[in-house]
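*Asks:* Pasting a structure here, questions to come.
The values are calculated or read from the model by the stated rules, or taken from the named source; none is laboratory data. This is a predicted model, so every value here is computed, not measured. Don't worry about glycine lacking a Cβ; one is built from the backbone with ideal geometry, like all the others, and counts go over all protein chains shown. Quick note on the areas: whole protein, heavy atoms, side chains included, nothing else; ligands and nucleic acids left out. Shrake-Rupley method; radii C 1.70, N 1.55, O 1.52, S 1.80 Å.
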Amino acid sequence: MTNTIPAKLVIIGSGPAGYTAAIYAARAMLDPILIQGVQPGGQLTVTTDVENYPGFADVIQGPWLIEQMQKQAVHVGTKVVSDHVGKVHLARRPFRIECDSGDVYLADALVLATGAQARWLDLPSEQKFRGYGVSACATCDGFFYRGKEVLVIGGGNTAVEEALFLTNFASKVTVAHRRDSFRAERILQERLYRNPKISVLWHTVLQDIVGRDNPLKVKAALLRNVKTNEITQWPVDGIFIAIGHSPASELVAGQIEMKHSGYIKTAPHSTATSVPGVFAAGDVADDVYRQAVTAAGLGCMAALEAEKFLAAHGEAEPRVAAE
């Protein structure tokens, strides 16, 4: 049976952007409904140690942090729904949001906080050691490799930026790329070549990962030369997969303006999209920083902008947001 549910504001996504938007929207008396999606909590739920989120002197766990965000959102009045959005119709307001359960939400305003996911190579060993020597975020995990040797897989901006960042911690950084030249911006390449800590393996792909089971820990990478098919075991403490990110924007493809990379395009210094009343926050729109703290900031912006939009259309009382 289909239930049709009207709402002032619907938030799709349950990472830091979604929950922060929900907190601010609830405090603005917008009665937000947050739909969690298939992976409640987003990328933080697969992040173990978090050391760079403000306010915590000790290392915290990603799943715990997102749990606290959810509790706060619920405490201030957010309705959290365990469902997955299958279709969104943005041609007219109220926006129609169809869920797998059969429920339909009619939203006067919408915040898209569906996030993005790092691309992976889909090796079984890659999945096995994720969080135990395999990572897709140098900014998140680079600190744990102080004085150690690491390997970066990729050849675009992401890979070169990750390699440069890792030199702040690692004793040696090796970049493996399947081609004989990088796709990264020239200035980034020049910085990489000038850095004495970085070496490059051309025509090389990651074939497999070698490690121990108890406790889980990466010990080496099996690297294959794509020209000779020769396989070499490369001792390493950490492996960073840096082949880019994929924004979860397919839900609104063809209905909203996007960048060529698939990230949702927003107005400068804003979360407003090309569709009035639709706002995008977090990694689905951020192809630069991709951090939990910046996602949370964008979630705050989206809620405040949604409140202003609804007030201008007579659907919310204009107010100054309280801190």
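*Asks:* Considering each residue of the stretch 1-54, count those that are at positive phi, out of contact with any Lys or Arg (no Cβ under 9 Å at 6 or more places or on another chain) and modelled with pLDDT of 95 or more, and give that number.
*Replies:* Qualifying residue count for the region: 1.
*Asks:* Scan the stretch 130-152 and tell me whether some residue there is open to solvent by 50 Å² or more (accessible area, probe 1.4 Å), closer than 30 Å to ALA17 by Cβ, touching a helix residue (DSSP H, G or I) at 6+ places or on another chain (Cβ under 7 Å) and part of a helix (DSSP H, G or I).
*Replies:* Yes, the stretch 130-152 contains at least one residue that is open to solvent by 50 Å² or more (accessible area, probe 1.4 Å), closer than 30 Å to ALA17 by Cβ, touching a helix residue (DSSP H, G or I) at 6+ places or on another chain (Cβ under 7 Å) and part of a helix (DSSP H, G or I).
*Asks:* Would you pick out the residues in the stretch 238-278 that are among the hydroxyl-bearing types (Ser, Thr, Tyr) and either touching a strand residue (DSSP E or B) at 6+ places or on another chain (Cβ under 6 Å) or at pLDDT 95 or above (or both)? First the steps, then the outcome.
*Replies:* Of the residues in the stretch 238-278, the ones among the hydroxyl-bearing types (Ser, Thr, Tyr) are 246, 249, 261, 263, 266, 270-271, 273-274.
Scanning the stretch 238-278 gives SER246, SER249, TYR263, THR266, SER270, THR271, THR273, SER274.
*Asks:* Can I ask one more? Across the stretch 244-278, what is the total count of residues that are surrounded by fewer than 19 Cβ atoms within 10 Å (Cβ to Cβ), touching a residue at least 60 places away in the same chain (Cβ under 8 Å) and on the phi > 0 side of the Ramachandran plot?
*Replies:* 1
*Asks:* Answer yes or no: is there a residue in the stretch 75-91 that is within 25 Å of LEU222 (Cα to Cα) and either of a type in the set (D, E, K, R) or part of a loop (DSSP other than H, G, I, E, B) (or both). So that I can check it myself, show each step before the final result.
*Replies:* Residues of the stretch 75-91 within 25 Å of LEU222 (Cα to Cα): none.
Looking for residues that are within 25 Å of LEU222 (Cα to Cα) and either of a type in the set (D, E, K, R) or part of a loop (DSSP other than H, G, I, E, B) (or both), one finds none in the stretch 75-91, hence no.
*Asks:* Of the residues that sit in the stretch 279-292 and are modelled with pLDDT under 95 and hydrophobic (A, V, I, L, M, F, W, C), which one is surrounded by the fewest Cβ atoms within 10 Å (Cβ to Cβ)?
*Replies:* VAL288
This table checks each residue for (1) among the β-branched types (Val, Ile, Thr); (2) exposed (fewer than 15 other Cβ atoms within 10 Å of the Cβ); (3) in contact (Cβ under 8 Å) with a residue 40 or more places away in the chain.
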{"residue": "LEU44", "(1), (2), (3)": "no, no, yes"}
{"residue": "TYR53", "(1), (2), (3)": "no, no, yes"}
{"residue": "GLN61", "(1), (2), (3)": "no, yes, no"}
{"residue": "GLN70", "(1), (2), (3)": "no, no, yes"}
{"residue": "HIS75", "(1), (2), (3)": "no, yes, no"}
{"residue": "SER82", "(1), (2), (3)": "no, yes, yes"}
{"residue": "LEU90", "(1), (2), (3)": "no, no, yes"}
{"residue": "ARG93", "(1), (2), (3)": "no, no, yes"}
{"residue": "ASP100", "(1), (2), (3)": "no, yes, no"}
